[in-house]
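Below is one structure, written out as structure tokens, with a few remarks after it.
The values are calculated or read from the model by the stated rules, or taken from the named source; none is laboratory data. Please read all numbers here as calculations on a predicted model, not as lab measurements. For neighbour counting, all protein chains shown are included, and Cβ atoms are generated from backbone atoms with ideal geometry for every residue, glycine included.
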Number of protein chains: 2
Amino acid sequence: MIGVKLITLGTLKEAYWRDAAAEYEKRLGAFCRLEIVQLKEERLSENPTEGEIRQALEREAEKIFAQIPPKAYRIALCVEGKQLSSEELAERLDRIGESHGEVCLIIGSSFGLSDSVKQACQMKLSVSRLTFPHQLMRVLLLETVYRSFHILRGTRYHK
Amino acid sequence: MIGVKLITLGTLKEAYWRDAAAEYEKRLGAFCRLEIVQLKEERLSENPTEGEIRQALEREAEKIFAQIPPKAYRIALCVEGKQLSSEELAERLDRIGESHGEVCLIIGSSFGLSDSVKQACQMKLSVSRLTFPHQLMRVLLLETVYRSFHILRGTRYHK
């Protein structure tokens, strides 16, 4: 069973995001060893400067690096990443399962991820050119990983 | 105030999607005249043929056409559509508000939309190459429209 570790920043504040994430977490238990780590977001002032944002992202990066499993295949979520179809992503996860046994997916805070984190990842994945709240992005990613397993098993979930 | 009509197929079965959609509906009231129409999905057998799917989509298309406001700018959501950034979409909605006064966004059923609906739309919009449940797509689209208004007003919601 492939290991899937999701590293996220910040809490799911709205009950509907928490409930949606919890539902997909439960369902994913049938397909993978899932671990979700929720790190604390750095606090920023109302109108942070570019330098303050960069520093905050670097502090978040330290916490992220401490959580990445050494042998996992690392995927950073970012808008400039590569977009894949659901089928392509499923195939990719299947190959990662065989080669690495574990995948680590990293979703940044509302200001994204530091360059250091992106560079430390083997793959940069983009879900959309549109911006979504990173809380919603966690739900999207869980659904997408769940869908991947259904694609690989050829079930009716993904028609 | 621009009119925004969302035509969707099928119900939001999960409470968390209903709650998320209701929250964005409420918030959108400050920015637009929002109307959401939820049409009945056609029933299909367990393993429908291509012909059966096409017929179901055509029946759904008739119901959709009956709901499209005659003067609205029409946008069909489909994976082969054009992807825009949040800023580009906001600008597009702003121009539609000035030229048409109303936009009609159409999200198909789990098998998508008929070609006839796509051809009747001025724009085809894609959110992602990834497939998402059409219930989740409704939430994504509401968040995106809500974000567009914040972008146009220059608020902090979209940093």
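When you scan the range B:112-132, how many residues do you find that are within 11 Å of chain A (Cβ to nearest Cβ), within 13 Å of the chain's Cα centre (by Cα) and not in a strand (DSSP E or B)?
2
Which one of the conditions (1) in contact with a helix residue (DSSP H, G or I) (Cβ under 7 Å, 6 or more places away or on another chain); (2) closer than 29 Å to A:TYR16 by Cα; (3) assigned to a helix (DSSP H, G or I) does A:PHE149 fail to meet, given that it meets all the rest?
Here A:PHE149 meets the rest and fails (1).
Select from the range A:78-111 the residues that are facing another protein chain (nearest Cβ under 10 Å) and closer than 16 Å to A:GLY10 by Cβ and write down the one among them that is surrounded by the fewest Cβ atoms within 10 Å (Cβ to Cβ).
The extreme case among them is A:SER110.
List, please: which pairs have Cβ atoms under 6 Å, are six or more places apart or on different chains, and start with a residue in the range A:102-127 that is within 17 Å of A:LYS40 (Cα to Cα) and end with one that is of a type in the set (Ser, Thr, Tyr)?
A:ILE107/A:THR8
Got a sec? Which of B:ILE36, B:ILE64, B:ILE53 is part of a strand (DSSP E or B) and surrounded by 14 or more Cβ atoms within 10 Å (Cβ to Cβ)?
From the options B:ILE36, B:ILE64, B:ILE53, the qualifying one is B:ILE36.
Give the residue that is surrounded by the fewest Cβ atoms within 10 Å (Cβ to Cβ), with candidates limited to residues of the range A:133-142 that are over 17 Å from B:GLU14 (Cα atoms) and facing chain B (nearest Cβ under 10 Å).
The selected residue is A:PRO133.
Is there any pair with a first residue in the range A:143-159 that is within 12 Å of chain B (Cβ to nearest Cβ) and touching a residue at least 12 places away in the same chain (Cβ under 8 Å) and a second that is polar (S, T, N, Q) and assigned to a helix (DSSP H, G or I) whose Cβ atoms are under 6 Å apart and which are 6 or more apart or on different chains, and what are they?
The qualifying pairs are A:ARG147/A:SER86.
Consider only pairs whose beta carbons are under 8 Å apart and that are at least six residues apart or on different chains; among these, list those whose first residue lies in the range A:7-23 and is free of Cβ contacts under 8 Å to residues at least 12 places away in the same chain and at the interface with chain B (Cβ under 7 Å from one of its Cβ atoms) and whose second residue is surrounded by 16 or more Cβ atoms within 10 Å (Cβ to Cβ) and aliphatic (A, V, I, L, M).
Here the result reads A:TYR16/B:ALA20, each pair linking the range A:7-23 to a residue that is surrounded by 16 or more Cβ atoms within 10 Å (Cβ to Cβ) and aliphatic (A, V, I, L, M).
Those residues that are surrounded by 13 or more Cβ atoms within 10 Å (Cβ to Cβ) and either modelled with pLDDT under 95 or in a loop (DSSP other than H, G, I, E, B) (or both), I need them from the range B:39-50; list them, please.
B:GLU41, B:GLU42, B:LEU44, B:PRO48
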